[in-house]
Amino acid sequence: MSVEEGVFYVIAAITVMGGMGVVFARNVVYSALFLILALLAVAGIFLLLSAEFLALVQILVYGGAVTILVIFALMLTRVQDMPAALDSPQKPFAFLAAAAVLAILILAAVGTTWPGQTEKINAIPLRDFGDALFRTWALPFEIASLVLMVALVGAIVLARGEDGE
Amino acid sequence: MIADNPWIDAAVRTLLVALLAILVVLILIWLERKVAGRMQMRLGPMVTGPYGIMQSVADAIKLLTKEDLRPATADRWVFELAPFAAFVPSLLALISLPFTAHLFVRNLELGLFYIVAVSGLSTVGLLMAGWGSANKYALLGAVRAAAQLISYEIPLVLAILAVAMVSGTLNLVEIVNEQGRVPYIVWQPLGFAIFLIATLAELRRNPFDIPMAESEIIGGPVIEYSGIRWSMFFLAEYVNVFVLSVLGSLVFLGGWNWPLGNEVGWPLQVVLILLKTSAMLLLFMWLRSTLPRLRIDQLMSFCWQVLLPFAFVAIILNGLVLVYEWPDVVLGLLSGFAALVAGALVYRGSRRAVPTPRWPLAPARGID
């Protein structure tokens, strides 16, 4: 087993542990902290794949901003304020849905023929990455930013309420 | 390569980073107390060693031997792990800082972006500390810190992006070499102003020390900590101050290259970069002793209404200059003009009579 493989298994184990923590922690703040762990470990996997830019974006956006906003919101609530979220009659349905998704994922993973030995990955220069993003795929990029913009404006409109204040 | 074995090499480099961090923090804390003392017509520490130079060492020993307390109601794991979550990112940022073209722990191709990305992570530590302490003041401080750091990260990143557009790289060594004889502060005064203000806010220093605000929330997230865990927060804070000061002098002040050029040899270059860093540090300390603290609503409206639009102006100006290949002088003049407009807007805003808050700060029902 090469060093890369060993590092991959360590990182993958951390990712899975983080993911399990998110689901099984009884405390929502714990869940959010485990989420940060899982997302940072994913950044580690990106690093292993020589996708340095993607890894840094993952750290900046998910580790540094999105999950902090999640914790920010969670800290202002208390667990006893929302008992319904932790224990609700919909539990069996949630279990069924989760089991179905898991079954589909396992079937897909087993059914796929994975390519064996692949070529060594070379890091893509940032310049080429930028070219691809803003020249070749400029339209999808703009559409994605437009969608985010609409979501942002919508959130502000909802938060302001109907009387405009 | 320091050693042949990559594992030993990595271990030695990590050790060097840790030693550098501790040395920097000991010096910075002593300097900060000395400078603040002089500005308030005091002497500062004088007893321990000549000019009190050993005061930081004495304090460090005191902190290490102090009892490590944990409140009974605190959340055990979150409380005890929070100092590490705050401290590790600042060490990570230190790794990729070049001091000359050949003196660095690791020069990354995306170094500039890397430093911004990892230093954003330390917010998690403050949030954990604030929530884990089970203390209202700590929680208030953590929430303030999260709001402030997320908001000011955006203008900081945009100001740096403006520079990266012109230099065409994110490698810090190449950015310094790209500047040549004229540092970017000449062509990008607006970018530098935004960087400086956003840096102050990211470092939570006056006038932006709202999350720590001793006179309001008694130190915020660190209120319940003592001994070594308390000192880890301050280690992280001062390492961050150092990292962003070096970053500012590399990106905007020409690093080791200006004004002597690349031929003077590395000892002089190290002196040069440390001089520029010290200038930034002294500016931060000066501001700390002279400016009062902002209110949280002033902080937020300043970020979103002034800094962010002008950061976009800086990017648009750079884009225009790049696309139409205008000379650098045009960029310098436009950017300087925009910086003046921003200054005038802020001055006018600060002279206006204080308006009554549009939203009640405390709802009539009250938060229990």
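Some observations on this one:
- Full extension of the chain between B:I154 and B:K62 yields a length gain of 29.3 nm, computed as 0.36 nm times the residue separation minus the alpha carbon distance.
- Cα-projected label distance for A:A144 with A:A103, points at 7 Å along beta-carbon direction, nm: 3.4
- Exposure proxy ranking, count of Cβ atoms within 10 Å, fewest first, for A:K91, B:K34: A:K91, B:K34
- Residue pairs exceeding 29 angstrom between C-alpha atoms, taken from B:K34/B:K136; B:K66/B:K136; B:K136/B:K276: B:K34/B:K136; B:K136/B:K276.
- A straight chain from B:N5 to B:R38 at 0.36 nm per residue would run longer than the Cα-Cα distance by 7.0 nm.
- Cα centroid of region B:297-333 to Cα centroid of region B:229-272, whole Å: 25
- Burial order of peptide ranges A:24-34, B:179-189, B:7-17 (average beta-carbon count within 10 Å, highest first): B:179-189, A:24-34, B:7-17
- Helix runs (DSSP H) in chain B reaching 20 Å along axis by Cα, Kyte-Doolittle at least 0.0: B:6-39, B:76-95, B:136-167, B:227-251, B:266-290, B:308-324, B:328-351
- Trypsin sites (Lys or Arg not before Pro) restricted to DSSP loop in region B:73-141 with at most 15 other C-beta within 10 Å: B:R106
- Under 18 Å from the Cα of A:K120 - aspartates and glutamates, other chains or at least 8 residues apart: A:E4, A:E5, A:E52
- Simple spin-label estimate for B:L103 and B:A134 in nanometres, 7 Å along Cα-Cβ: 5.0
- Gaussian network model of chain A, Cα within-10 Å springs - most flexible of A:G154, A:G63, A:G19: A:G154
- Among residues other than B:L260 with Cβ under 15 Å from its Cβ, the summed charge is +1 (Lys and Arg +1, Asp and Glu -1).
- Among the residues of A:60-69, the average count of other protein chain beta-carbon atoms within 10 Å of the residue beta-carbon is 6.
- Taking every residue in B:123-133 and counting other chain Cβ atoms within 10 Å of its Cβ, the average works out to 4.
- Residues A:F93 and B:E178, FRET efficiency given R0 of 56 Å [Cβ-Cβ distance, rounded to 0.05]: 0.40
- Derived scalar couplings ³J(HN,Hα) [region A:44-57; Karplus, 6.51 cos²θ - 1.76 cosθ + 1.60; whole Hz; x for Gly, Pro]: x, 5, 4, 4, 4, 8, 6, 9, 5, 4, 4, 4, 5, 5
- Simple spin-label estimate for B:R13 and A:S2 gives 1.9 nm between the two label positions (7 Å along the Cα-to-Cβ direction from each Cα).
Values in this text are rule-based calculations from the coordinates and carry no lab data. Keep in mind that this is a model prediction, so the values were computed, not measured. We place every Cβ from the backbone using ideal geometry, glycine too, and count neighbours over all the protein chains shown.
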